[in-house]
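Before any comments, here is the structure.
The values are calculated or read from the model by the stated rules, or taken from the named source; none is laboratory data. What you are looking at is a predicted structure, and each value in this text was computed from that prediction instead of being measured. Neighbour counts run over all protein chains shown; Cβ positions are idealised from the backbone, glycine included.
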């Protein structure tokens, strides 16, 4: 189920477009999951021709040309309409990309837009999203659903390469299943990710790295389920252009910038129990100061959210039931830790008993 919310603000000379998609796409497990898409295929983009603007709409569309690599549903077409380009709804498609297209019908014509399942499989430089499996997961599910899945009966290390011959990924197999280490590489030859598998399921430590080689993400798994502590780190890489901007607006000297950005600092941290339920999460500033903390109480469908001042003192404490509705007591504090305004919420999430000190 998904919805695309498009907000349009018209000014005298400029159209400002804002787009957000609320999506909750699960894994593709049955024909029912793709019933609303007359055309489903893995394609390579060959052209993108922007159509003239319409007097009836500020949004632009384009005729998207492609070559079918692997088709799962629909006719052998070579083009369709891409809606809402050159706006915040623009999908970022580029000639040379490979995409998993899930086309729908609009005004009697096959088309794609930002709020459907459409997802990039490989960018024009040949890079796939191994970390989050975008595109890779969809292709795997469709091949299994339509009986195209590769029948493996191999042992040893399987290697895949970029189009220029550089190593992209090497995976250890035993009895046709992923067992042991899988290593993925950036285009520059440095390691992108390391994952351990047991009988096709993630098991143990999984690590991902920035192109510089610095650790980006570390997680632990038990049979594909997240457990223990997961951490995401800030990138220490600073480009020359970014350096000028940061020194001009945030740092007085290059030395102070280097001191802050050279440290390997945790950005996000989450704690999971043995069954994969999240227990707590934290967010830190680049300086290592905690900014936010969530504590989860699954039995009561409640979580507590704590925000912090820049000096590390508690700023606010708030509680939510069913993970969306405010509940209980809300409290704010000043940077010295003194309690300030507060209120309660009734059963419907409405503010009551508001207290604002004079």
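A few comments on the model shown:
- Test: residue in segment 116-125 that is surrounded by 13 or more Cβ atoms within 10 Å (Cβ to Cβ) and either assigned to a helix (DSSP H, G or I) or at pLDDT below 95 (or both): yes
- Yes/no for residue 223 being modelled with pLDDT of 95 or more, over 30 Å from residue 311 (Cβ atoms), exposed (fewer than 13 other Cβ atoms within 10 Å of the Cβ) and not assigned by TED's automatic domain parsing to the domain that holds residue 167: yes
- Residue in segment 95-108 that is under 20 Å from residue 24 (Cα atoms) and not in a strand (DSSP E or B) present: no
- When every residue of segment 94-114 is checked against the conditions, none turns out to be within 19 Å of the chain's Cα centre (by Cα) and on the phi > 0 side of the Ramachandran plot.
- Criterion (assigned to a loop (DSSP other than H, G, I, E, B), assigned by TED's automatic domain parsing to the domain that holds residue 144 and under 22 Å from the mean Cα position of the chain (by Cα)) met by exactly one of 84, 36, 76, 90: 90
- Of all residues in segment 76-88, those satisfying the criterion of being under 20 Å from residue 108 (Cα atoms) and modelled with pLDDT under 95 are 83, 84, 85.
- Where strands (runs of 3 or more DSSP E) fall entirely within segment 242-358, those with at least 3 residues that are at pLDDT 90 or above, crowded, with 16+ Cβ neighbours inside 10 Å and within 29 Å of the chain's Cα centre (by Cα) are at 266-272, 278-284, 290-297, 302-308, 314-321.
- Matching residues in segment 11-57 - criterion: being in contact with a strand residue (DSSP E or B) (Cβ under 8 Å, 6 or more places away or on another chain) and modelled with pLDDT under 50: 15, 16, 17
- Of all the listed residues (284, 323, 296, 303), the sole one being under 19 Å from residue 217 (Cα atoms) and in contact with a strand residue (DSSP E or B) (Cβ under 8 Å, 6 or more places away or on another chain) is 284.
Condition check ((1) in contact with a helix residue (DSSP H, G or I) (Cβ under 6 Å, 6 or more places away or on another chain); (2) at pLDDT 95 or above; (3) outside any loop (DSSP other than H, G, I, E, B)) across all residues:
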{"position": "110", "(1), (2), (3)": "no, yes, yes"}
{"position": "114", "(1), (2), (3)": "no, no, no"}
{"position": "131", "(1), (2), (3)": "no, yes, no"}
{"position": "158", "(1), (2), (3)": "no, no, yes"}
{"position": "164", "(1), (2), (3)": "no, no, no"}
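- Test result for residue 180, surrounded by fewer than 14 Cβ atoms within 10 Å (Cβ to Cβ) and either in contact with a strand residue (DSSP E or B) (Cβ under 7 Å, 6 or more places away or on another chain) or not assigned by TED's automatic domain parsing to the domain that holds residue 126 (or both): no
- Among the candidates 146, 161, 173, the residue that is surrounded by 15 or more Cβ atoms within 10 Å (Cβ to Cβ) and either outside the structural domain of residue 92 (by TED's automatic domain parsing) or within 25 Å of residue 188 (Cβ to Cβ) (or both) is uniquely 173.
- Close contacts from segment 129-142, counting a first residue that is touching a residue at least 40 places away in the same chain (Cβ under 8 Å) and a second that is part of a loop (DSSP other than H, G, I, E, B) and surrounded by fewer than 17 Cβ atoms within 10 Å (Cβ to Cβ), with Cβ to Cβ under 8 Å and a gap of 6+ residues or different chains, come to 137/27; 141/27; 141/29; 142/148.
- Which numbered condition residue 63 fails, given (1) free of Cβ contacts under 8 Å to residues at least 24 places away in the same chain; (2) more than 15 Å from residue 101 (Cα to Cα): (2)
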